[in-house]
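J.: Take a look at the following structure, please.
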Amino acid sequence: MGSIWNDLQGIEFRQVFYNAGGVRTRVIEAGRGTPLIFLHGTGGHAEAYLRNIAAHAQHFRVYAIDMIGHGYTSAPDIDYEMQCYVDFLRSFVDAIGADQVTISGESLGASVASWFAIAEPTRVLKIVLNTGILLTPSAEGAAELRDLLNRSRAAAGTPTREAIRKRMRWLVRSEESLTDELIEARLRIYSQPGRAAIIGRIAEKSIGALLEPESSNAWYGRHLLKQIQCPTLVLWTRHNPGQSAADAAEGARLIPDCSMIVLENSAHWPQWEEPDAFNRVHLDFLLS
(Lines give C-alpha, C1' and ligand atoms only; values in the text may rest on other atoms or scores of the structure.)
Protein backbone atom coordinates (compact mmCIF):
# COMPACT_ATOMS: atom_id res chain seq x y z
CA MET A 1 0.00 0.00 0.00
CA GLY A 2 1.34 3.45 -0.90
CA SER A 3 1.76 6.52 1.22
CA ILE A 4 -1.25 7.97 3.01
CA TRP A 5 -0.46 11.17 1.15
CA ASN A 6 -0.98 9.55 -2.26
CA ASP A 7 -4.68 10.26 -1.86
CA LEU A 8 -3.92 13.96 -2.25
CA GLN A 9 -1.92 13.60 -5.45
CA GLY A 10 -3.15 15.84 -8.23
CA ILE A 11 -5.09 18.33 -6.11
CA GLU A 12 -4.08 21.68 -4.73
CA PHE A 13 -3.99 21.59 -0.94
CA ARG A 14 -2.08 23.09 1.93
CA GLN A 15 -1.31 22.53 5.58
CA VAL A 16 -1.90 25.80 7.42
CA PHE A 17 -2.34 27.11 10.95
CA TYR A 18 -5.20 29.41 11.92
CA ASN A 19 -5.61 31.48 15.07
CA ALA A 20 -8.94 30.26 16.45
CA GLY A 21 -9.61 32.43 19.48
CA GLY A 22 -5.98 32.24 20.55
CA VAL A 23 -5.65 28.52 19.75
CA ARG A 24 -3.09 27.76 17.04
CA THR A 25 -5.08 25.35 14.89
CA ARG A 26 -3.60 23.02 12.31
CA VAL A 27 -5.67 22.42 9.16
CA ILE A 28 -5.37 20.45 5.92
CA GLU A 29 -7.28 22.61 3.46
CA ALA A 30 -8.35 22.17 -0.16
CA GLY A 31 -11.01 23.12 -2.67
CA ARG A 32 -13.37 26.06 -3.14
CA GLY A 33 -16.94 26.80 -2.24
CA THR A 34 -19.06 26.35 0.87
CA PRO A 35 -16.95 25.45 3.91
CA LEU A 36 -17.01 21.78 4.91
CA ILE A 37 -15.32 21.00 8.22
CA PHE A 38 -14.17 17.47 9.04
CA LEU A 39 -13.87 16.71 12.78
CA HIS A 40 -11.95 13.63 13.95
CA GLY A 41 -12.59 11.55 17.06
CA THR A 42 -10.99 11.26 20.50
CA GLY A 43 -7.20 11.27 20.27
CA GLY A 44 -7.35 11.67 16.50
CA HIS A 45 -6.10 14.19 13.96
CA ALA A 46 -6.70 15.55 10.48
CA GLU A 47 -5.02 12.59 8.75
CA ALA A 48 -8.18 10.59 9.48
CA TYR A 49 -9.68 12.28 6.39
CA LEU A 50 -6.83 12.05 3.88
CA ARG A 51 -8.85 9.59 1.79
CA ASN A 52 -11.83 11.94 1.59
CA ILE A 53 -10.40 15.41 1.01
CA ALA A 54 -9.85 15.14 -2.76
CA ALA A 55 -13.38 13.93 -3.56
CA HIS A 56 -14.99 16.62 -1.43
CA ALA A 57 -12.66 19.41 -2.58
CA GLN A 58 -14.31 19.19 -6.00
CA HIS A 59 -17.45 20.68 -4.41
CA PHE A 60 -16.46 22.38 -1.13
CA ARG A 61 -13.76 24.33 0.63
CA VAL A 62 -12.60 21.46 2.83
CA TYR A 63 -11.06 21.97 6.26
CA ALA A 64 -9.81 18.80 7.96
CA ILE A 65 -8.73 20.14 11.32
CA ASP A 66 -6.93 19.05 14.46
CA MET A 67 -9.36 19.94 17.23
CA ILE A 68 -8.15 21.69 20.36
CA GLY A 69 -5.71 19.51 22.31
CA HIS A 70 -5.25 17.15 19.34
CA GLY A 71 -2.70 16.66 16.59
CA TYR A 72 -0.54 19.76 16.13
CA THR A 73 -3.15 22.21 17.40
CA SER A 74 -2.42 23.95 20.69
CA ALA A 75 -3.17 21.94 23.83
CA PRO A 76 -3.98 24.42 26.60
CA ASP A 77 -4.44 23.36 30.22
CA ILE A 78 -8.27 23.28 30.24
CA ASP A 79 -10.93 20.78 31.32
CA TYR A 80 -11.75 19.46 27.80
CA GLU A 81 -15.44 19.19 28.52
CA MET A 82 -17.79 19.30 25.53
CA GLN A 83 -18.32 23.05 25.81
CA CYS A 84 -14.65 23.74 25.13
CA TYR A 85 -14.93 22.02 21.72
CA VAL A 86 -18.06 23.98 20.85
CA ASP A 87 -16.35 27.26 21.80
CA PHE A 88 -13.24 26.25 19.86
CA LEU A 89 -15.25 25.38 16.76
CA ARG A 90 -17.10 28.69 16.92
CA SER A 91 -13.75 30.49 17.04
CA PHE A 92 -12.49 28.47 14.09
CA VAL A 93 -15.58 29.26 12.00
CA ASP A 94 -15.01 32.91 12.82
CA ALA A 95 -11.32 32.60 11.90
CA ILE A 96 -12.09 31.34 8.40
CA GLY A 97 -14.66 34.13 7.98
CA ALA A 98 -17.61 31.82 7.36
CA ASP A 99 -21.20 32.79 8.01
CA GLN A 100 -22.43 29.22 7.54
CA VAL A 101 -20.70 25.84 7.41
CA THR A 102 -21.38 22.16 6.88
CA ILE A 103 -19.82 19.85 9.48
CA SER A 104 -18.98 16.15 9.28
CA GLY A 105 -17.79 14.64 12.54
CA GLU A 106 -16.59 11.16 13.47
CA SER A 107 -17.16 9.81 17.00
CA LEU A 108 -16.29 12.71 19.35
CA GLY A 109 -16.37 14.95 16.28
CA ALA A 110 -19.99 13.91 15.69
CA SER A 111 -20.90 14.95 19.23
CA VAL A 112 -19.20 18.30 18.70
CA ALA A 113 -21.02 18.76 15.39
CA SER A 114 -24.34 18.00 17.10
CA TRP A 115 -23.76 20.42 19.93
CA PHE A 116 -22.57 23.15 17.58
CA ALA A 117 -25.72 22.70 15.49
CA ILE A 118 -27.81 23.03 18.64
CA ALA A 119 -25.89 26.07 19.91
CA GLU A 120 -25.52 27.85 16.54
CA PRO A 121 -28.49 26.79 14.40
CA THR A 122 -28.24 29.73 11.99
CA ARG A 123 -24.59 28.96 11.19
CA VAL A 124 -24.97 25.28 10.27
CA LEU A 125 -26.26 24.12 6.89
CA LYS A 126 -25.99 20.35 7.36
CA ILE A 127 -24.23 17.89 9.65
CA VAL A 128 -23.05 14.30 9.26
CA LEU A 129 -22.84 12.11 12.37
CA ASN A 130 -20.26 9.46 11.52
CA THR A 131 -20.23 6.64 14.12
CA GLY A 132 -21.13 9.06 16.91
CA ILE A 133 -24.53 10.13 18.24
CA LEU A 134 -25.78 11.83 21.41
CA LEU A 135 -27.04 8.66 23.09
CA THR A 136 -25.57 6.70 25.99
CA PRO A 137 -24.38 3.20 25.06
CA SER A 138 -25.99 -0.13 25.82
CA ALA A 139 -24.33 -2.48 28.32
CA GLU A 140 -22.49 -4.21 25.48
CA GLY A 141 -21.43 -0.88 24.01
CA ALA A 142 -20.23 0.35 27.40
CA ALA A 143 -17.98 -2.70 27.72
CA GLU A 144 -16.46 -1.95 24.31
CA LEU A 145 -15.93 1.68 25.30
CA ARG A 146 -14.19 0.63 28.52
CA ASP A 147 -11.86 -1.43 26.35
CA LEU A 148 -11.22 1.66 24.22
CA LEU A 149 -10.50 3.72 27.33
CA ASN A 150 -7.96 1.17 28.53
CA ARG A 151 -6.25 1.16 25.13
CA SER A 152 -6.23 4.96 25.15
CA ARG A 153 -4.68 5.06 28.61
CA ALA A 154 -1.91 2.73 27.48
CA ALA A 155 -1.20 4.70 24.29
CA ALA A 156 -1.12 8.02 26.12
CA GLY A 157 0.75 6.66 29.12
CA THR A 158 3.62 5.19 27.11
CA PRO A 159 3.38 6.15 23.43
CA THR A 160 5.04 3.22 21.68
CA ARG A 161 4.28 1.89 18.21
CA GLU A 162 2.69 -1.21 19.67
CA ALA A 163 0.49 0.77 22.10
CA ILE A 164 -0.57 3.13 19.31
CA ARG A 165 -1.33 0.23 16.98
CA LYS A 166 -3.44 -1.50 19.63
CA ARG A 167 -5.36 1.73 20.26
CA MET A 168 -6.00 2.29 16.56
CA ARG A 169 -6.92 -1.36 15.98
CA TRP A 170 -10.17 -0.57 17.82
CA LEU A 171 -11.10 1.81 15.01
CA VAL A 172 -10.96 -0.60 12.10
CA ARG A 173 -12.47 -3.91 11.08
CA SER A 174 -9.38 -5.07 9.19
CA GLU A 175 -5.85 -5.14 10.58
CA GLU A 176 -4.60 -4.37 7.07
CA SER A 177 -6.15 -0.91 7.29
CA LEU A 178 -3.47 0.15 9.76
CA THR A 179 -0.38 0.99 7.75
CA ASP A 180 3.00 1.55 9.38
CA GLU A 181 2.94 5.12 8.10
CA LEU A 182 -0.39 5.84 9.77
CA ILE A 183 0.89 4.44 13.07
CA GLU A 184 4.04 6.54 12.73
CA ALA A 185 1.99 9.69 12.07
CA ARG A 186 0.07 9.24 15.32
CA LEU A 187 3.18 8.23 17.27
CA ARG A 188 4.90 11.48 16.27
CA ILE A 189 1.87 13.47 17.40
CA TYR A 190 1.71 11.71 20.77
CA SER A 191 5.48 12.10 21.21
CA GLN A 192 5.35 15.90 21.27
CA PRO A 193 6.40 17.22 24.70
CA GLY A 194 3.43 17.08 27.06
CA ARG A 195 0.99 15.99 24.36
CA ALA A 196 0.40 12.42 25.54
CA ALA A 197 -0.71 13.63 28.97
CA ILE A 198 -3.29 15.94 27.37
CA ILE A 199 -4.51 13.14 25.09
CA GLY A 200 -4.90 10.95 28.15
CA ARG A 201 -6.94 13.64 29.89
CA ILE A 202 -9.10 14.04 26.79
CA ALA A 203 -9.76 10.29 26.65
CA GLU A 204 -10.85 10.25 30.30
CA LYS A 205 -13.21 13.16 29.64
CA SER A 206 -14.70 12.17 26.29
CA ILE A 207 -14.95 8.40 26.65
CA GLY A 208 -15.64 8.71 30.36
CA ALA A 209 -18.53 11.06 29.61
CA LEU A 210 -20.30 8.16 27.94
CA LEU A 211 -19.67 5.85 30.90
CA GLU A 212 -20.33 8.12 33.89
CA PRO A 213 -23.99 8.97 34.60
CA GLU A 214 -23.40 12.57 35.67
CA SER A 215 -21.44 13.53 32.55
CA SER A 216 -23.57 11.37 30.31
CA ASN A 217 -26.79 13.01 31.42
CA ALA A 218 -25.32 16.48 30.84
CA TRP A 219 -24.08 15.91 27.28
CA TYR A 220 -26.04 12.96 25.88
CA GLY A 221 -29.75 12.17 25.71
CA ARG A 222 -32.81 11.69 23.52
CA HIS A 223 -34.05 15.20 24.27
CA LEU A 224 -30.89 16.70 22.75
CA LEU A 225 -31.29 14.91 19.43
CA LYS A 226 -34.72 16.47 19.07
CA GLN A 227 -33.07 19.91 19.19
CA ILE A 228 -30.98 19.38 16.04
CA GLN A 229 -32.86 21.37 13.39
CA CYS A 230 -30.58 21.20 10.34
CA PRO A 231 -30.64 18.37 7.78
CA THR A 232 -28.65 15.49 9.27
CA LEU A 233 -27.13 12.27 7.99
CA VAL A 234 -26.40 9.50 10.49
CA LEU A 235 -23.64 7.51 8.76
CA TRP A 236 -23.03 4.24 10.58
CA THR A 237 -21.37 0.86 10.03
CA ARG A 238 -22.46 -2.72 10.59
CA HIS A 239 -19.40 -3.41 12.76
CA ASN A 240 -19.14 -0.20 14.80
CA PRO A 241 -17.94 -0.82 18.37
CA GLY A 242 -19.47 1.15 21.23
CA GLN A 243 -22.88 1.76 19.66
CA SER A 244 -24.68 -0.57 17.29
CA ALA A 245 -26.48 0.37 14.10
CA ALA A 246 -29.77 -0.42 15.86
CA ASP A 247 -28.92 2.05 18.64
CA ALA A 248 -27.96 4.68 16.08
CA ALA A 249 -31.24 4.12 14.19
CA GLU A 250 -33.17 4.80 17.39
CA GLY A 251 -31.34 8.10 17.74
CA ALA A 252 -31.77 9.01 14.07
CA ARG A 253 -35.54 8.73 14.42
CA LEU A 254 -35.46 11.48 17.05
CA ILE A 255 -33.74 14.06 14.82
CA PRO A 256 -36.43 16.06 12.97
CA ASP A 257 -34.77 16.13 9.53
CA CYS A 258 -32.61 13.03 9.35
CA SER A 259 -31.63 10.15 7.09
CA MET A 260 -29.43 7.18 7.91
CA ILE A 261 -27.05 4.99 5.93
CA VAL A 262 -25.18 1.91 7.18
CA LEU A 263 -21.94 0.82 5.49
CA GLU A 264 -21.20 -2.89 5.65
CA ASN A 265 -17.42 -3.35 5.59
CA SER A 266 -15.91 -1.07 8.22
CA ALA A 267 -15.89 -0.42 11.95
CA HIS A 268 -15.42 3.01 13.61
CA TRP A 269 -13.52 4.64 10.73
CA PRO A 270 -15.63 4.15 7.58
CA GLN A 271 -14.11 7.24 5.98
CA TRP A 272 -10.75 5.44 6.11
CA GLU A 273 -11.73 1.79 5.56
CA GLU A 274 -14.45 2.33 2.93
CA PRO A 275 -13.45 5.66 1.38
CA ASP A 276 -15.18 5.15 -1.97
CA ALA A 277 -18.50 4.15 -0.41
CA PHE A 278 -18.16 6.83 2.25
CA ASN A 279 -17.39 9.56 -0.26
CA ARG A 280 -20.31 8.53 -2.48
CA VAL A 281 -23.04 8.48 0.18
CA HIS A 282 -21.55 11.47 1.98
CA LEU A 283 -21.53 13.62 -1.15
CA ASP A 284 -24.99 12.41 -2.17
CA PHE A 285 -26.31 13.80 1.09
CA LEU A 286 -24.30 17.01 1.10
CA LEU A 287 -25.14 17.89 -2.50
CA SER A 288 -28.82 16.92 -2.39
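J.: Please state the charge dipole magnitude for the range 133-288, taken about the Cα centre, from unit charges on C-beta atoms (+1 on K and R, -1 on D and E), reported in debye and rounded to the nearest 20.
T.: Numbers: 19 positive and 20 negative charges, 113 e Å.
That gives a dipole near 540 debye.
J.: With a cut-off of 8 Å between alpha carbons and a minimum separation of six or more residues, what is the relative contact order of the chain in percent? Mind showing how you got there, number by number?
T.: Working: 571 pairs, mean separation 53.3, N = 288.
Relative contact order comes out at 18 percent.
J.: I need the Debye-formula profile for the range 1-155: one equal scatterer per C-alpha, no solvent, reported as log10 I(q)/I(0) at q = 0.12, 0.17, 0.18 1/Å, two decimals.
T.: Cα-only, vacuum Debye calculation for the range 1-155: -0.51, -1.01, -1.12.
J.: Could you tell me what percent of the DSSP beta bridges with both partners in the chain are antiparallel, to the nearest 5?
T.: Working: 12 of 36 bridges.
The antiparallel fraction comes to roughly 35 percent.
J.: State, to one decimal in nm, how far the label point of residue 143 lies from the label point of residue 188, with both points 7 Å from Cα in the Cβ direction.
T.: 3.9 nm
J.: Quickly rank 181-194, 88-101, 45-58 as a protection proxy: mean count of other C-beta atoms within 10 Å, highest first.
T.: Values: 181-194: 15.6, 88-101: 17.6, 45-58: 21.6.
Taking the mean over residues of other Cβ atoms within 10 Å, the ranking is 45-58, 88-101, 181-194.
J.: Give, as ranges by residue number, the residues of the range 46-65 whose backbone N falls under 17 Å from the point 7 Å along Cα→Cβ of residue 265.
T.: 51-52
J.: Further question: Which of these values of Cα extents along the principal axes in Å was calculated from the structure shown: (i) 46, 43, 39; (ii) 79, 46, 37; (iii) 60, 54, 39?
T.: This structure yields the entry labelled (i).
J.: Using the Karplus curve 6.51 cos²θ - 1.76 cosθ + 1.60 with θ = phi - 60°, what ³J(HN,Hα) values do you get for each residue of the range 247-259, in whole Hz, with x for Gly and Pro?
T.: Rounded to whole hertz, the list is 5, 5, 5, 4, x, 4, 5, 8, 7, x, 10, 9, 10.
J.: Run the accessible area of the chain with a 1.4 Å probe and give the carbon-and-sulfur part as a rounded percent. Could you put the intermediate results ahead of the total?
T.: Details: 5380 of 11390 Å².
Ligands and nucleic acids excluded, carbon and sulfur give 47 percent.
J.: Moving on. Using just the C-alpha positions of the range 73-203 as equal point scatterers, what log10 of I(q)/I(0) does the Debye formula give at each q in 0.14, 0.16, 0.20 1/Å?
T.: Cα-only, vacuum Debye calculation for the range 73-203: -0.77, -0.98, -1.29.
J.: Suppose only helical runs count, i.e. DSSP H with n ≥ 4. What mean residue ellipticity at 222 nm does that imply for the chain under -39500 (n - 2.57) per run, divided by all residues and rounded to the nearest 500 deg cm²/dmol? Write out the running numbers ahead of the final one.
T.: Details: 12 runs with 123 residues, N = 288.
So the calculated ellipticity at 222 nm is -12500 deg cm²/dmol.
J.: Have a look at 221, 200, 43 and tell me which one the Gaussian network model of the chain (Cα, springs below 10 Å) gives the largest fluctuation.
T.: 221
J.: With +1 on the Cβ of every Lys and Arg and -1 on the Cβ of every Asp and Glu, and nothing else charged, how large is the dipole of the chain about its Cα centre, in debye rounded to the nearest 20?
T.: Details: 28 positive and 33 negative charges, 57 e Å.
The calculated dipole for the chain is roughly 280 debye.
J.: A further question follows. Over the chain, average the accessible area per residue using a 1.4 Å probe and give it in Å², no decimals. Can you show the working numbers first?
T.: Values: 11390 Å² over 288 residues.
Heavy-atom accessible area per residue stands at 40 Å².
J.: Cross-link partners among aspartates and glutamates for residue 126, C-alpha distance below 13 Å, same-chain residues fewer than 8 apart left out?
T.: Straight-distance partners of residue 126: 257, 284.
J.: If amide hydrogens are placed 1.01 Å from N in the peptide plane, which non-local residues have theirs closer than 5 Å to the one on residue 101?
T.: 124, 125
J.: Of 262, 234, which has the most accessible area and how do the rest follow, probe 1.4 Å? It would help to have the intermediate numbers written out before the result.
T.: Working: 262 40, 234 0 Å².
Ranked from most to least accessible, the order is 262, 234.
J.: Scale the Cα Rg of the range 192-286 by the rule-of-thumb value 2.2 N^0.38 Å and send over the ratio, two decimals. The partial results should precede the final answer.
T.: On the way: Rg = 15.6 Å, N = 95, 2.2 N^0.38 = 12.4 Å.
It is 1.26.
J.: Please compute the length gained on full extension between residue 125 and residue 5, using 0.36 nm multiplied by the number of residues separating them and subtracting their Cα-Cα distance. Please report the intermediate quantities before stating the final value.
T.: On the way: separation 120, 0.36 × 120 = 43.20 nm, distance 2.94 nm.
Here the answer is 40.3 nm.
J.: For the range 63-142, report the % of Cα-Cα distances exceeding 20 Å. Please list the in-between numbers first.
T.: Details: 1023 of 3160 pairs.
Considering the range 63-142, 32 percent of its Cα-Cα pairs are separated by more than 20 Å.
J.: Given Cα pairs under 8 Å that are at least 6 residues apart, what percent is the relative contact order of the range 78-199? Walk me through the intermediate numbers first.
T.: Details: 110 pairs, mean separation 20.7, N = 122.
17 percent.
The values are calculated or read from the model by the stated rules, or taken from the named source; none is laboratory data. All values reported here derive from a predicted model rather than from experimental measurement. Counting neighbours? That spans all protein chains shown, and the Cβs are built from the backbone with ideal geometry, glycine included. These accessible areas exclude ligands, DNA and RNA; they are computed on the full protein's heavy atoms, side chains included. Shrake-Rupley method; radii C 1.70, N 1.55, O 1.52, S 1.80 Å.
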